[in-house]
Amino acid sequence: MSSKTLLKIVLPACLFIVLCIQCIIIFLPDISKYLVQSALGPLPGNQSLDFTVSRLGGNETQINDISLGEDIHLDTLRFSYHMDAKNMIRGDELVISGLNITLHVDEKNRVQSSGFLFPLNKDEAKNRNKGVDPSAPAFDINAFESYFPYLPEHIVLKNSTVFIKSGKDRLCIPVEADVRIDRDKRLGDMKLTILPMNQRITLGATGDFLQGPVQMKISAERLYPDMLLAMVPHDGQRVSKFCGPVDFTVETKDFSTFYFELNDLGLESGPHLNINFPEISGVLFSDKTAMTLKADGPVQITSPGIDLGPFRFKISSQIVSGTVTQFSLTLQNEIYKAWDITPEQMALPLSTVNFFDQIQLVDPQFRLFVSGNPESQTGALAFSGTGLKLFRNNKANHSDVLNISGLQINTEFGGNFVRPQSLKHIKFDALIDKIAFQKNKIKINTSRLEASSDAAFTLSDSTIVLDNAIDVNLVCDNAKIVSKEISAFVSKAGITGKIEKSLSSGLCVQLTPFLDGADITLKDKDIRAQGIYVELPVTYPFKDLKTVGRAGAEKIILQDKIAPTVAAKVVQTSDLAMDILGTVTHTGFPDLVINFSARAGLNPAMTPFIKGHAAINQVSITQKRLASFIPGISGVGDLNFDISARADFSYTNQKIDSSAQIQVSNGMLNCVESGFSVSGISADLHFNDLMIPETLPGQYINIAAVNAGHFNCNNGKIRFSLEDGTSVHVENLKFNWCNGIVTTEAFRLPSDDNAIHLTLYCDRLEMEKLFHQLGAFDAQGGGTLSGRIPMVIKNNEIAFDKGFLFSTPGEGGRIFIKGLDGMLDAIPKHTREFSQLDLAGEALKNFEYKWVKLKLNSHGDTLGVNMQLEGKPSAALPFEYNRQLNSFVRVDAQSPGSNFQGIKLDVNLTLPFNQVIQFGNNLNRIMNP
């Protein structure tokens with residue numbers, strides 16, 4: 001065959017082959033695309049796979065614009081390779097660039113992307129597995145071992161982003177990855193980096209292609225968890241938020257035990273309260289059935305004005321099928337000398353509260369333990385300290401100090417606190433050994449304080465509903481209160497009762513505050529109350545349970561003299577009011593009973609009020625009964641009187657109003673030894689204010705008769721008013737004396753000089769009785785005297801100053817005076833003075849007077865009486881005129897004597913006024929027993 005013929009055959013064949021090769025090269029990408037799509041078959045959700053093979057060469061292949069549905073897009077996939085000595089393809093590098101995956105999160109927190117949905121519920125998983133032969137062999141990675149040599153040595157993922165959409169929110173997370181593969185050892189080493197909010201989280205893992213994962217480590221430095229949480233959609237406002245930056249690592253070498261560390265995690269629970277976790281370390285154990293998590297670490301609680309020292313926490317939980325089946329949490333403080341709190345520096349809305357400047361808890365011990373599962377939780381809280389001190393100003397001054405010793409608080413709780421409507425139970429106990437409080441000059445001390453309560457409750461619409469009543473028990477022993485004005489000792493005090501709250505009704509409180517064995521002393525008033533007791537059952541809202549409380553005092557001592565007993569019944573009548581009904585008695589006065597009743601409480605303006613009434617039925621008071629209270633009264637004489645009283649009192653609008661009416665009758669005082677007696681004492685007194693106290697004007701004391709030796713008066717009336725509790729205004733004093741009337745002007749007691757200055761205005765005093773009561777001489781006859789007698793009573797002694805009495809003008813009379821011979825004893829006979837007094841004495845034995853005038857002045861224990869008379873003797877007097885004496889002298893009976901037609905007598909007498917002095921001594925006994 002010639003060459004031409006050969007060329008005619010070979011040349012067209014070569015051209016055909018070249019043309020075929022060109023066609024293959026041109027249509028190879030589409031052919032490859034068809035082969036790939038045919039091999040993958042239909043995808044979930046009938047999503048379409050689309051891509052473009054932009055380069056297909058001997059050493060490199062590049063595919064662009066890869067998309068799987070609407071949610072998965074890949075810009076470029078570049079695969080480089082080479083032929084080895086055995087003419088086998090060896091992959092060098094696979095570069096994935098521009099991978100964008102969009103994940104949609106639905107309302108059930110399931111993730112969907114391009115037809116893929118996970119996690120699947122049971123029905124969806126069952127539908128997904130329809131048509132799958134259950135007897136088919138399970139997937140075996142060893143079947144692909146022959147393909148491992150074709151894997152690339154290096155896989156790079158760059159410029160990629162994962163988009164997470166939830167509702168209207170969208171979260172973007174950049175992703176980078178680098179994978180190194182050792183085809184001979186069948187090992188892969190991966191480093192994955194995600195960059196949420198420009199924060200770097202790195203995942204490093206090593207795996208065996210045949211055996212599975214070998215080890216893994218996740219780490220991050222200076223990560224801000226609050227920024228990550230802000231990217232996560234949430235409903236409502238977060239109460240607390242995490243803050244950083246934090247460092248964390250998670251590491252495992254067998255994928256059954258995971259060790260993790262988290263450093264510098266912060267938790268902001270409020271605007272000024274931070275909780276820091278400097279170093280959290282833990283481990284997660286996982287097997288095919290369950291996971292167990294354990295973690296612990298220190299805790300620091302910081303806030304302005306608060307120094308609580310370090311804490312430690314420990315937590316463990318067991319998780320089965322994604323559900324926590326058991327957990328426990330322990331939080332306790334480490335050994336610390338004292339907790340210090342300065343309320344003034346605390347940035348909290350406490351400006352209206354008057355806190356102490358410093359609060360210190362010495363040797364604090366705090367432990368909180370909680371355990372359980374989602375259906376039931378139990379726990380206990382224990383808190384104690386050797387001392388709790390509260391200071392005003394600073395610790396050195398110890399001003400306004402509250403010191404509590406031996407503080408112990410224990411709380412136990414149980415129930416389902418996850419579900420609000422489930423039943424929960426809380427038990428509380430507290431114990432304090434001693435409490436000491438000092439403010440200014442007030443000191444309070446107690447030896448023991450106990451408190452306890454027990455409650456079971458549920459929550460409904462954020463409202464607490466009690467399943468049964470909360471038992472309340474608060475008891476304080478041996479409390480002492482001391483101040484400048486008062487001192488008190490309380491043997492036992494506290495509150496017992498219960499609190500109820502059902503779903504259909506509001507809160508119901510039934511409490512009984514009580515106090516027992518209390519002694520109170522008012523130092524400045526010299527008043528002591530012993531054996532005080534109070535038991536007051538109250539309900540809120542008010543329920544008419546007819547429960548009767550009690551209150552009283554076994555003994556009330558006034559100035560070491562009076563010791564009555566007070567006993568009362570107390571019954572609540574409304575939400576904020578109660579009725580009090582009681583008596584005041586005394587063993588020394590078995591017939592004396594003070595009955596009182598009152599209503600007390602708070603008015604609608606929440607200010608206290610009390611309105612009450614007291615009454616004393618008529619009772620006889622005797623000297624014997626008073627002697628135990630007024631010892632000196634036993635020497636006064638016999639004393640008795642009847643007394644009854646009524647009183648009203650109220651306290652409203654911060655004002656005290658009181659009034660009383662006291663009736664005294666059948667009063668009598670009889671001093672047998674001195675001959676002094678007062679009888680027929682009666683009074684009806686109206687007090688318009690008992691707190692001062694004071695009375696209305698015009699009060700009367702009536703006295704039937706007063707007898708003091710020769711001094712006698714009757715029908716006495718004292719009109720007076722008590723003005724300010726310390727002053728008595730005597731408006732008028734009136735009595736009958738010597739069958740006449742004596743009155744006085746107004747005067748006050750006590751006066752500035754502690755003396756009583758008064759003037760007795762005498763009207764028509766019978767002269768005969770007056771001379772008799774003055775004890776001057778034995779006188780008979782008629783006639784009356786009127787005038788005034790200024791009198792001073794000081795130091796319980798009576799003195800007359802320039803008193804005068806005169807007969808009624810125009811009315812004469814006759815007087816018979818005997819016993820004047822004593823006037824001549826000290827005067828020498830045969831003297832002019834003797835003769836004049838002898839003449840006056842003889843004339844006064846039967847003297848017809850025209851007028852009489854008496855002047856009275858006292859000098860110590862004597863009474864000076866100047867008596868002036870004008871008239872004439874009724875008969876001739878045995879006297880004749882003697883020129884030598886220039887006076888009349890007495891003659892014998894043989895002489896006819898002298899008839900006087902008119903004579904003026906001026907007689908000065910000094911009398912032992914013993915009756916008056918005796919009357920003053922009896923006053924002294926009465927006023928100062």
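Just so it is clear, none of the values below were taken in a lab; they were calculated from the coordinates. Keep in mind the model is a prediction, meaning the values are calculated, not measured. Here Cβ is always computed from backbone atoms with ideal geometry, including for glycine, and neighbour counts include all displayed protein chains.
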* Structure fact -> So, with points 7 Å from each Cα along the Cβ direction, the Gln894-Thr547 label distance in nm works out to 11.6
* Asked: Which lysines does Lys829 reach when only Cα atoms under 30 Å apart count, and residues fewer than 8 places away in its own chain are ignored?
  -> Lys818, Lys845, Lys853, Lys855, Lys872, Lys904
* Asked: Using 0.36 nm per residue, how much length does the chain from Leu581 to Ile495 gain when fully extended, once their Cα-Cα distance is taken away?
  -> 28.7 nm
* What number comes out for the charge environment of Ser219, summing +1 per Lys or Arg and -1 per Asp or Glu over other residues with Cβ under 13 Å away? -> 0
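Can you pull a Stokes-Einstein diffusion coefficient for region 588-737 at 37 °C (0.692 mPa s), Rh from Kirkwood over Cα pairs, as a whole number of µm²/s? Intermediate results must be reported in sequence, preceding the final value.
Numbers: Rh = 17.6 Å.
For these conditions, the coefficient is 186 µm²/s.
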* Structure fact -> Per the rule of 0.36 nm per residue minus the C-alpha distance, extending Lys611 to Asp169 adds in nm 152.2 nm
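Kindly rank 317-330, 358-371 from highest to lowest mean number of other beta carbons found within 10 Å of each residue.
Details: 317-330: 14.0, 358-371: 17.9.
My ranking of the peptides, most packed first, is 358-371, 317-330.
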* Asked: So between Thr289 and Leu522, what do we pick up on full extension, going 0.36 nm a residue minus the alpha carbon distance?
  -> 76.2 nm
* Asked: If the cut-off is a Cα-Cα distance under 21 Å, which lysines reach Lys523, setting aside same-chain residues fewer than 8 apart in sequence?
  -> Lys439, Lys441, Lys443, Lys480, Lys484, Lys555, Lys561
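Pop the C-beta distance of Ser376 and Lys314 into the FRET formula with R0 = 22 Å and round what comes out to the nearest 0.05. Walk me through the numbers on the way to the answer.
Numbers: r = 20 Å, r/R0 = 0.93.
It comes out at approximately 0.60.
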* lysines near Lys655 by alpha-carbon distance under 20 Å, same-chain residues fewer than 8 away left out - which ones? -> Lys611
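Take the Cβ-Cβ distance between His425 and Glu334 as r, set R0 to 30 Å, and report the resulting FRET efficiency rounded to the nearest 0.05.
On the way: r = 30 Å, r/R0 = 1.02.
So the FRET efficiency works out to roughly 0.50.
Out of all Cα-Cα pairs in region 248-357, roughly what percent, to the nearest whole number, are more than 23 Å apart? Intermediate results must be reported in sequence, preceding the final value.
On the way: 2779 of 5995 pairs.
Tail of the P(r) past 23 Å holds 46 percent of the pairs.
Around Asn714, under 14 Å between beta carbons, what's the net of Lys plus Arg minus Asp minus Glu among the other residues? Don't jump to the answer; show the numbers that get you there.
Working: positive: Lys717, Lys734, Lys769; negative: Glu766.
Surrounding charge for Asn714 is +2.
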* Asked: How many lysine pairs are close in region 253-389, with Cα atoms under 20 Å apart and the two 8 or more places apart or on different chains?
  -> 4
